[in-house]
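The values are calculated or read from the model by the stated rules, or taken from the named source; none is laboratory data. As the structure is a prediction and not an experimental result, all values here were calculated from the model. In this analysis, Cβ positions are derived from the backbone assuming ideal geometry, glycine residues included, and neighbour counts consider all displayed protein chains.
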Amino acid sequence: MDKINQITSPDYFTQLCKGLLCAEYHDFQTIDDSGGDGGNDGYSEAKEFLFQMYCPEKPEKADDATYKSKIKEDLNKAKTLLDSGRYKIKEWIFITPRELRESVQTYIRMEAASRGMVGIAWASPKLTELLTRHPHLRSQFPDLIHGDIEKQIANATTGIMDRLESIEDVKKIYNTKIEQNYQKRIDQAKDKMGQSKFETAKKEYELILSDLNFETIEIDPHIYFRTYNNLGVCELNLGNDQTAIDFFEKAHSVEPDLPMAVVNYALSKMLKGIPLEGLQIINDLLEKHPDDEHAISIKANILYNLKNYTELTSFLRDKNKIALVHFFEGMEKMSKKDFDSASVSFENLLSLEPKNLKGLLMNVQNTMIGMQEVIKKNPFPPDKIPHEIKNKFDRAIYCLNKAVRILDETEQKEDLEMAYTNLSGCYTVTGQYNESIAAAEAATLINPKSEIPFLNKGISQLKLGQCKEAVGSFLEYKKRGGKNPEVDGHIAFCSLRIGDLATAEKIITDLLENENGLNIDIAELAIDLYSRKLDEAKLNSLLKRLEEEYPDNSQVLRMRSSYLHQRGLQGAEELLKEALKNATTELEKMLANLELADLKFGLKEYSTAEDIYKKYSNEDEGNHSTLRYAECLFNSGQYGKLLEWANILNEIVKNKPLIKQLCAYANLYLGNLGIASNIFKELFEANPSNLQYVVYYGMCRFRLGKEEEAKKAFDAIRNRITETQDLAILSGGYAFIGEWDIAIELTFKALENDPNNPKAHLAFIFTFLRLGQVSEKDPEEKYIKAFQKSIGEFSSRFPEEKALQSFKIENGDISEMISMVDKMAETTDNAAELYKNSQAPLAFVPKITGKKPFDVWTAFIQMDGVGMKISFGSPEEAKLEMEVIQKCLGKSIVVDIYPLFLLAYLDRLEFLSKIFNKIYVHQSVMDEITETIEDKIISVRRGVKLIGKTDGQHHMFEISPEQIQKSVDLLEKIRSFIRSNKNVEIRGFSKEKDKKDKGINNLLEESTSNSILLAQEISEPILCDDRILRAHLREEYKIRSFSSQTLFIAAQLNRKLSLDDKYYLQKKLIDLNYDYISIDAYFIYDQLKNCNYSIEEIRNIISVIAKKETSMESLSVVLSEILFLLMRDNNINGKTKLDIFGNILEQIGTNHDMEKIKEGVFSNIQARFPDKLLQIKKVVQLFFKG
């Protein structure tokens, strides 16, 4: 194992490379790179090779992107040198210590080809080969030599000599300087043959032969033999069989008894088409020299030529030539079209000899021939090629890339051009179109006259939508004699796409008819042509003819369907279903299905389209169906399913702009703003012309509480935009974050840009109106004039626009406005009445009235008749809620928006984080709070005046700035708590709402609705202060829940809250009209003492137990306890005690039977003092009588 791939010193690596290249190429020019290499680390003028060396100091950190960046930079420098005329560059060779990944090597070839060069990568295997070839360098780099390399170097010369002896049999010793010189020149040329550089060797031998023919003295015939023989070998390897025959016969005539001469003479017989003569000659030789390697090889080829496979296999096995056995077995099976078995044989050969060039090329040829009919009969789209077929082509591509490197290094141009051509074809089949183009261009650089590379290139360009370039390639193909009958159709198709209707029409007219009648493929192009030219006569005639001649043809049915759909006519879907039924191949079925899906997609029937696209989508390559499937999921609101599916996509597919965009919006709609903002930022960075991305990024950051980040993003693009749409989009972003001065400036610019655009007018009008609300100073004069003109003329200029509605006030008549107020008041009163009567949840009210949840809560806690329905007051309810709380203490909960209002008002928000480790708040709750704050901040400056209706009368209500500021302070307290408390986490959803859910949640305002769904999704209980809603959550959604009241009680029981604090909070709940509040005699008596026994001051507390809903049992217990506490209290006299109890009874008596209450109280006290029956009776009688 060599150590070259472990080098990390650039200087050392460069020294090694230059040493090896100087030894390998006699004209190698080293460059002084002290002032920068200028893209040239070394150059061979004879070879026209330009070398570039690169050794990363930290190779483990050098990824594909690092190498590609370096390659591109150096190739640009090489192109500059090439264009300067000072250098002829045929091959650009990039040398690294470690072998590059296949994708990087492909990148080198593509980039180099685009600049007119052949790109090649060398690494440690090639450098090791050079080090082996030039052992004198060993002493300069001793640390690179391992034991096995030492052995390889030591055996290198012996190996070559063995090969020479086996080929030439005898190498003579000459005394004359002339013959010694010829011997040396022959040996030097033979070295080139040893490197498989047959073109170079041939030229050197031709010079030797030319010099020999001019010699005047007698030269040893063996010199001629070696020259003729080796020229024959060169010509044979270069594909020039007849010339090779001539040289082999001349060699044999010079040395007829030399084994090598005899072997190649036998070979010449086979090449001349008389293999039996050759077989007899070789058999005679093998009797004398049974182990002659070359003779064995030639006999094998002759037997294969004779198709004598049985004798061939037996002969090779006897000689233990297993690799050759596999090769010829593969050839035999391939000739019998048993391509799978042939592939096994070639793979067996390559397992023994991985760099066997013939094995690599025949393995590829076997695949291409074997798959030709399969692909022709089933022209699979690249992403739908069955895995077993794709695997074969992937293997062929691997073998071809390997063969390309070997052929290039050994200067076998003809085979190299063929390998590049085949590589281009394989890339085309597998959908790697850019790679196919690069390979085709590499082939044409070697042989510009070859037509097939232009065909492959044209097809790949067509597939990439490069229709103009494709036409050029197809024309070059035809110019070189290409006869593929489909090419003219390709040119017609591309001509239509680039608008060259004249060319398309000429070709279509010539090809429309064939010997079998109409050419259906060309007819499809003709329909497109006639539609574009509005030639209805030809179009209708052609369609009618197609229908008559091919009534059941699947392709024709699809064409007719497409025509109907484009014209908006009925029947398109029925024809597609018929096409699907009549399809005879999988491809036809797929095309019919996909056209049906496209039709359904256009009709917004996403569920039907979704199923079809899913069937044909490809998560690894991202075809049309993959993208459309994503759109279906998004458009049908299946955001969670979309994101879950996106996670299984190949990274390249996942990062396609459309997929990323859909994922960004899906996360936005689900409330996952952090993820959404990151994706929007990435999208904008990739496509800075799309301002929508940066605006949504800013909105997300703002909603996450990152106001500065939002403004910074908007400011970065503010001065770069001029288009009306972009100005309006960015204005909306600034408006969203409250920067109204900038928003009005941008909408004004948009209006100036496009005064006839109603959307520009609307954006300016609404922004101006909002600015008037939020700004303390008057707008600039230009804005006022523009507003007056715009709004004054809007209805007459744009009568079709309904976004701007108004009502008239003439001669002081405000009846139209009063009518609107009445409708709003009626809606509000109806909603409040439903809640008051426990017929609807609290969150139903803002949903139906359009009011903010905070405004509803503020109004209801001040309305004695409505209040907040926090509890039913039943023991069962209290028990269930207490069990829920006890199980989640120190754990996680979700909190609805209304408990946040209450806890902020009570200054107890931090209390939550003391009880629970994690408090989840849905993003919509945060958004609602922020939006309410923004609305109220606008009102703080001037206060608010409202027209309302109460008790049938219209009134003007005024809310002072000071009152509004208090609301803002309370809401800011909530927002600060959510943002800053480490126990609080803002969450979105992982999936969309269930559309099948027809329950009460659909009737609720968004923040409460989403809080419930979040609790359901993450299986956590929810803190909710709506008794009606909690009952529905238990029964309908199986969601655990509890109220703030029960939380206070549980906290006190668990010593998280003192008894005094609990009493304080219970009192506040009663003051805020929360109902029903669970209180006992000790609480009532505590409040009584706190107000110095003033019964008037606790009337609202007594009213809680005085309600008619209070059971007689509960009432009796509380009153007996109060009576007992009064009797024991020595701080007040008897008369005061009687007055207090009498006032309590009077308040209770309005809803309850006093006699039953008295019986209940007596019974409870008697139970406590059973031995004082008469005394108890007198006391009770006294207090009730008093």
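Report the residue count in the range 692-715 for those that are surrounded by 22 or more Cβ atoms within 10 Å (Cβ to Cβ) and within 24 Å of Phe634 (Cα to Cα). Here the count works out to 10. Going through (1) farther than 22 Å from Leu209 by Cα; (2) out of contact with any Lys or Arg (no Cβ under 7 Å at 6 or more places or on another chain) one by one, Glu277 falls short only on (2).
If you go through the range 644-677 and keep only what is in contact with a helix residue (DSSP H, G or I) (Cβ under 6 Å, 6 or more places away or on another chain) and among the hydrophobic types (A, V, I, L, M, F, W, C), you end up with Ala646, Leu658, Ile659, Leu662, Cys663, Ala664, Ala666, Leu668, Leu670, Leu673, Ile675, Ala676. For the structure I just gave you, tell me whether Glu1005 is surrounded by fewer than 16 Cβ atoms within 10 Å (Cβ to Cβ) and assigned by TED's automatic domain parsing to the domain that holds Met926. No: the conditions fail for Glu1005. Does Met882 fit the bill of being at pLDDT 80 or above, assigned to a loop (DSSP other than H, G, I, E, B) and of a type outside the set (Val, Ile, Thr)? No, not satisfied.
Glu752 meets the conditions (1) modelled with pLDDT of 85 or more; (2) of a type in the set (Asp, Glu); (3) assigned to a loop (DSSP other than H, G, I, E, B) in every case but one. The failed one is (3). I'd like the residue in the range 228-256 that is in contact with a helix residue (DSSP H, G or I) (Cβ under 8 Å, 6 or more places away or on another chain) and in a loop (DSSP other than H, G, I, E, B) and, out of all such residues, is surrounded by the fewest Cβ atoms within 10 Å (Cβ to Cβ). Result: Pro256.
Of all residues in the range 755-790, those being part of a loop (DSSP other than H, G, I, E, B) and at pLDDT 85 or above number 5. Residue pairs whose Cβ atoms lie under 6 Å apart, sitting 6 or more positions apart in sequence or on different chains, and linking a residue in the range 182-208 that is within 20 Å of Leu407 (Cα to Cα) to a partner that is among the acidic types (Asp, Glu) and outside any loop (DSSP other than H, G, I, E, B), are Ala189/Glu204. The set of residues in the range 1031-1054 that are in a helix (DSSP H, G or I) and either aliphatic (A, V, I, L, M) or without any contact (Cβ under 8 Å) to a residue 24 or more places away in the chain (or both) comprises Ala1031, Leu1033, Glu1035, Leu1047, Phe1048, Ile1049, Ala1050, Ala1051, Gln1052, Leu1053.
Of the candidates Leu529, Leu587, Leu557, the single residue that is hydrophobic (A, V, I, L, M, F, W, C), modelled with pLDDT under 90 and closer than 22 Å to Gly489 by Cβ is Leu587. Of all the residues in the range 1076-1087, those that are among the acidic types (Asp, Glu) and in a loop (DSSP other than H, G, I, E, B) number 1.
Within this structure, Lys914 fails the test of being at pLDDT 95 or above, surrounded by fewer than 16 Cβ atoms within 10 Å (Cβ to Cβ) and on the phi < 0 side of the Ramachandran plot.
If you filter the range 493-525 down to residues that are without any contact (Cβ under 8 Å) to a residue 12 or more places away in the chain and in a helix (DSSP H, G or I), you find that the one that is farthest from Lys544 (Cα to Cα) is Ala502.
Of all residue pairs spaced 6 or more apart or on separate chains, those with beta-carbon atoms under 7 Å, a first member in the range 331-345 that is part of a helix (DSSP H, G or I) and a second member that is among the acidic types (Asp, Glu) are Ser345/Glu329. Among the candidates Leu1125, Leu1119, Leu1115, the residue that is surrounded by 14 or more Cβ atoms within 10 Å (Cβ to Cβ), over 16 Å from Gln1045 (Cβ atoms) and either assigned by TED's automatic domain parsing to the domain that holds Leu903 or out of contact with any Phe, Trp or Tyr (no Cβ under 9 Å at 6 or more places or on another chain) (or both) is uniquely Leu1115. Scanning the range 23-52 for residues that are of a type in the set (Phe, Trp, Tyr) and at pLDDT 85 or above turns up Tyr43, Phe49, Phe51. So in the range 1088-1125, with the set limited to residues that are assigned to a loop (DSSP other than H, G, I, E, B) and free of Cβ contacts under 8 Å to residues at least 24 places away in the same chain, which one is nearest to the chain's Cα centre (by Cα)? Filtering first and then ranking leaves Ser1111. Which ones in the range 640-671 are among the polar types (S, T, N, Q), surrounded by fewer than 23 Cβ atoms within 10 Å (Cβ to Cβ) and either more than 11 Å from the chain's Cα centre (by Cα) or assigned by TED's automatic domain parsing to the domain that holds Glu928 (or both)? Those that are among the polar types (S, T, N, Q), surrounded by fewer than 23 Cβ atoms within 10 Å (Cβ to Cβ) and either more than 11 Å from the chain's Cα centre (by Cα) or assigned by TED's automatic domain parsing to the domain that holds Glu928 (or both): none in the range 640-671. Name every residue in the range 187-196 that is surrounded by fewer than 19 Cβ atoms within 10 Å (Cβ to Cβ) and over 14 Å from Asn229 (Cβ atoms), in order of residue number. If the condition is that a residue be surrounded by fewer than 19 Cβ atoms within 10 Å (Cβ to Cβ) and over 14 Å from Asn229 (Cβ atoms), then Gln188, Asp191, Gly194, Gln195, Ser196 are the ones that fit. Those helices (runs of 4 or more DSSP H) of the range 367-482 in which at least 3 residues are within 30 Å of Ser341 (Cα to Cα), considering only elements entirely within it, cover 387-409, 413-429, 433-446, 452-463.
Looking across Lys355, Lys413, Lys336, one residue alone is surrounded by fewer than 18 Cβ atoms within 10 Å (Cβ to Cβ), modelled with pLDDT under 90, closer than 21 Å to Leu303 by Cα and among the charged types (D, E, K, R). It is Lys336.
Output the residues belonging to the range 601-639 that are crowded, with 19+ Cβ neighbours inside 10 Å and among the hydrophobic types (A, V, I, L, M, F, W, C). Phe601, Ala609, Ile612, Ala630, Cys632, Leu633, Phe634 - these are the residues of the range 601-639 that are crowded, with 19+ Cβ neighbours inside 10 Å and among the hydrophobic types (A, V, I, L, M, F, W, C).
Where residues in the range 443-475 are closer than 26 Å to Leu407 by Cα and among the charged types (D, E, K, R), which of them is surrounded by the most Cβ atoms within 10 Å (Cβ to Cβ)? Top of the filtered list is Lys457.
Sub-7 Å Cβ pairs linking a first residue in the range 894-910 that is within 21 Å of Arg1030 (Cα to Cα) to a second residue that is part of a helix (DSSP H, G or I) and of a type in the set (Asp, Glu), at least 6 apart or interchain, are Ile897/Glu928, ordered by first then second residue. Annotation: Cys55 fulfils all but one of (1) in a loop (DSSP other than H, G, I, E, B); (2) modelled with pLDDT under 90; the unmet one is (2).
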